[in-house]
Amino acid sequence: MLEKIRMKKKANDPVYVGDVIKYGNELFVVINILSVQVFSSSVDALLVYDCLCQQAQKPNIADEYMTTQAEIMYQAHEYNEISEVGEFIYDEGTGIWVKIDAILSVRMEEKNLFVKYEFTPVNEWSEREISRAIGKERRKHMRLLRSKTNDIANDNIH
């Protein structure tokens, strides 16, 4: 299951594809960074990321779908909302995220604009890739501590 998640971070706190984040009570893995906005201040820059994230241990419903074409009508007040090639869109009808691969045709009828798109379901990561990302994140937080002296261990031998 994919979710678009907005994150706010300081400029010195990078975001990478494969990062694991906690959203609500669930673990998600960043599989695509959709956009970045920079907000500067006199002290620190703040970055806002829109990321496409995959929830761990959820079924991949996008596998049931294939590349499709559809024509969408835009009314005059929606002209500024026309989707572009490369854009990721949530399809409410299917409940999956799709990527627009191409605009196949554009036609105008009266004041309505008809745009025919070709789009593909966004490939989710395999369970193995998700598990690997979560394992990598957990290892970041694991630290082995070395005893300050080996005297304690040596005292137990005598």
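The values are calculated or read from the model by the stated rules, or taken from the named source; none is laboratory data. Owing to the predicted nature of the structure, the values given are computational and were not obtained by experimental measurement. Note that we place each Cβ from the backbone using ideal geometry, even for glycine, and neighbour counts take in every protein chain shown. In case anyone asks, the SASA skips ligands and DNA or RNA and just uses the protein heavy atoms, side chains included. Shrake-Rupley method; radii C 1.70, N 1.55, O 1.52, S 1.80 Å.
What to note about this one:
- Looking across segment 31-51 at every residue that is among the hydroxyl-bearing types (S, T, Y) and over 22 Å from E92 (Cα atoms), the one that is least open to solvent (accessible area, probe 1.4 Å) is identified as Y49.
- Pair list, Cβ < 8 Å and 6+ apart or interchain, from segment 107-119 residues that are under 15 Å from N80 (Cα atoms) to residues that are assigned to a strand (DSSP E or B) and of a type in the set (V, I, T): L113/V106; F114/I72; F114/V106; V115/I72; V115/I103; V115/V106
- Of the residues making up segment 52-82, those that are in contact (Cβ under 8 Å) with a residue 40 or more places away in the chain, over 24 Å from S131 (Cα atoms) and of a type in the set (A, V, I, L, M, F, W, C) number 4.
- Residue match in segment 89-108 (condition: farther than 26 Å from E3 by Cβ and either at pLDDT below 95 or polar (S, T, N, Q) (or both)): yes
- When each of E78, E64, E84 is tested for being out of contact with any Cys (no Cβ under 9 Å at 6 or more places or on another chain), within 22 Å of E127 (Cα to Cα) and acidic (D, E), the lone residue that passes is E64.
- Strands (runs of 3 or more DSSP E) within segment 78-132 that include 3 or more residues open to solvent by 80 Å² or more (accessible area, probe 1.4 Å): 96-109
- Qualifying residues in segment 4-30 (those that are open to solvent by 20 Å² or more (accessible area, probe 1.4 Å), assigned to a strand (DSSP E or B) and touching a Leu at 6+ places or on another chain (Cβ under 8 Å)) - the one nearest to S131 (Cα to Cα): V20
- Scanning segment 52-74 for residues that are open to solvent by 80 Å² or more (accessible area, probe 1.4 Å) and outside any strand (DSSP E or B) yields Q57, K58, P59, D63, E64, Y65, M66.
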